[in-house]
Amino acid sequence: MPRAKRFLFLCLCTVFATDFNALGNKDLAPSPNVEVTVTLDPPPMPTIEEMEAATAPIPHASEPATSPVEPPAMPFLRVPKTGLRSETPAPTAAETSPAPTEEPPAPTSTEEPPSNQPPEPGPAPTPTPTQTAPPVKKVDLEIELLAALEQGLIKSQIKGNGREQTRVILRSNYPETIKTAILPGQILESGRNAVMILRGTKVEIPPGKSFDQQMETVALHSANKVEDGDYKFSYQTSKKLDLLLIHLADHPELSAQAAQTAALALTENLPLYAVAKFECISAPKNRLVTEGFRVETNEILAALTTLKTMGIDMTTVVMNNDPQLRIEAMIEPLSRELAKRYYGISESQEWDFWKKELLQGPPGTRHYALYGIARFYPDIAIEMLPKWARETQTHTVFRLSAIQALADTQRPEAIAILRQLANELGPNTELGKAAAETAKYLDAKLSSKEATKPQGLNFRGKKGLKGL
């Protein structure tokens, strides 16, 4: 392309670009409803100097670069004043330029520049009063006894006799109060001895204090040695005594001897001769050594009454099935009323009971009925017993029992009857000697003197006598 034409083309492009930029301003844009008339005036012809500058050769890339020549101002499109325009006046440059924003003044620092000099010491700060922490609330420790013993929170010292007496001492090693309990059924051991606590109690031990109490216990075995010894708490249990523990909780009146007898009946089902103080006919020669567990007849009846109340099948209890127990309990004044209730014997039936025992009772205990009649029916005995003693056709056991039973009437006239029998039966005969000794014993007893019952006066286990 010739240089003149290229120059002219560049000029026109420059003019159009400038005018279109001006027309692109939104403030100068005409209203869409207003007709705008544009008139193009021909641009003036460039001068020779301008043309020569435009046609100057372009320097080669290897030539040193010169400063660029500013192109001359070219004519541009103008909107004539006579044309229709928008009634809105065009904004001035000051109006169209954005308003300068005022910057906030820089904050003036009142602090002095840091220096290497140490700061001057100021006044000492006023110490704030320290707040006292609220007191810590003490919490008591509730724990099972065996767990406390295992953890060393409690130390125990137990002394017992292997039967009903046990002293328990508990000492606390904990800084706060320990609350625990000794439960009924807790077993204590000392070698082969084993006892069970019958009635439990709550235990509360302050710090540094101790618990000291006598506990009621029973032996679990008749082989226990009844002697003082050291005991310790055991983890063992005995399910056989669960019902007894429940019963004892509601019947605190039951004695320790009765509870012990009931416990041995449940754990070992002992025979009557192992627990009775009286001489039992059924006792074998090599019987059990249970001297420490023999009790009075009324305690045996109380134990059996407890078992019966608990619902135990009494036909399975060995000591209950011994026929000697019933007549022994009826003869003994301390157990008579309890025996009448246990065996169902009313006041109107009691005489029939004694008469039946005398005539139809077991051969080994029939003569026991004579002692019962003498104790509870003395008027009848004063008339009946001398006849039995004089009857030669009667067995010697009955005749001797009739003589001895006269002492149980506690009547003064029985002394004269006994002395008369001694003379009739002969002072050198067994029956005559028995009558003389019985008269002497009854006389001393009625005179409020200390009397010793003659050996032959005991109707149980008489030497030289055989049962019927």
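The values are calculated or read from the model by the stated rules, or taken from the named source; none is laboratory data. Nothing here was measured: the structure is a model prediction, and the numbers come from that model. Glycine also receives a Cβ, built like all others from the backbone with ideal geometry; neighbour counts cover every protein chain displayed.
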Margin query: With the structure loaded, tell me whether Arg287 is in contact (Cβ under 8 Å) with a residue 40 or more places away in the chain, basic (Lys, Arg) and more than 25 Å from Asp250 (Cα to Cα) or whether it fails that test.
Written below: no
Taking the range 171-196 and keeping only residues that are in a strand (DSSP E or B) and among the hydroxyl-bearing types (Ser, Thr, Tyr), one is left with Ser172, Thr180, Ser190
Residue pairs qualifying under the 6 Å Cβ cut-off, at least six apart or on distinct chains, with the first in the range 347-359 being over 22 Å from Thr394 (Cα atoms) and the second being in a loop (DSSP other than H, G, I, E, B) and of a type outside the set (A, V, I, L, M), are none
Within the range 370-418, residues farther than 17 Å from Ala439 by Cβ and touching a His at 6+ places or on another chain (Cβ under 8 Å) come out as Val397, Phe398
| said: Can you find a residue that is over 26 Å from Glu268 (Cα atoms) and modelled with pLDDT of 95 or more anywhere in the range 229-240? | reply: no
Within the range 278-295, residues surrounded by fewer than 18 Cβ atoms within 10 Å (Cβ to Cβ) and at pLDDT 95 or above come out as Arg294
Of the candidates Leu370, Leu338, the one satisfying the condition of being outside the structural domain of Ala276 (by TED's automatic domain parsing), in contact with a Ser or Thr (Cβ under 8 Å, 6 or more places away or on another chain) and part of a helix (DSSP H, G or I) is Leu370
When every residue in the range 117-153 that is at pLDDT 90 or above and assigned to a loop (DSSP other than H, G, I, E, B) is compared, the one surrounded by the fewest Cβ atoms within 10 Å (Cβ to Cβ) is Gly152
Checked the range 154-197 for anything of a type in the set (A, V, I, L, M), free of Cβ contacts under 8 Å to residues at least 40 places away in the same chain and surrounded by fewer than 20 Cβ atoms within 10 Å (Cβ to Cβ); matches are Ala181, Ile182, Leu183
The correct count of residues that are in a loop (DSSP other than H, G, I, E, B) and not β-branched (Val, Ile, Thr) in the range 224-281 is 21
- Query: Is one or more of the residues making up the range 391-407 within 25 Å of Glu430 (Cβ to Cβ), among the aliphatic types (A, V, I, L, M) and touching an Asp or Glu at 6+ places or on another chain (Cβ under 9 Å)?
  - Reply: yes
In this structure, is Gly200 of a type in the set (Gly, Ala, Ser), farther than 30 Å from Pro323 by Cα and touching a residue at least 40 places away in the same chain (Cβ under 8 Å)? no
Subset of the range 197-221, residues outside any strand (DSSP E or B) and of a type in the set (A, V, I, L, M, F, W, C), comes to Leu198, Leu220
The lone condition Glu383 fails out of (1) assigned by TED's automatic domain parsing to the domain that holds Ala434; (2) in contact (Cβ under 8 Å) with a residue 12 or more places away in the chain; (3) part of a helix (DSSP H, G or I) is (2)
Residue check: is Leu141 under 30 Å from Gly292 (Cβ atoms), of a type outside the set (S, T, N, Q), in contact with a strand residue (DSSP E or B) (Cβ under 8 Å, 6 or more places away or on another chain) and in contact (Cβ under 8 Å) with a residue 12 or more places away in the chain?
no
Subset of the range 282-294, residues assigned to a loop (DSSP other than H, G, I, E, B) and either in contact with a His (Cβ under 9 Å, 6 or more places away or on another chain) or not small (Gly, Ala, Ser) (or both), comes to Pro284, Lys285, Asn286, Arg287, Leu288, Val289, Thr290, Arg294
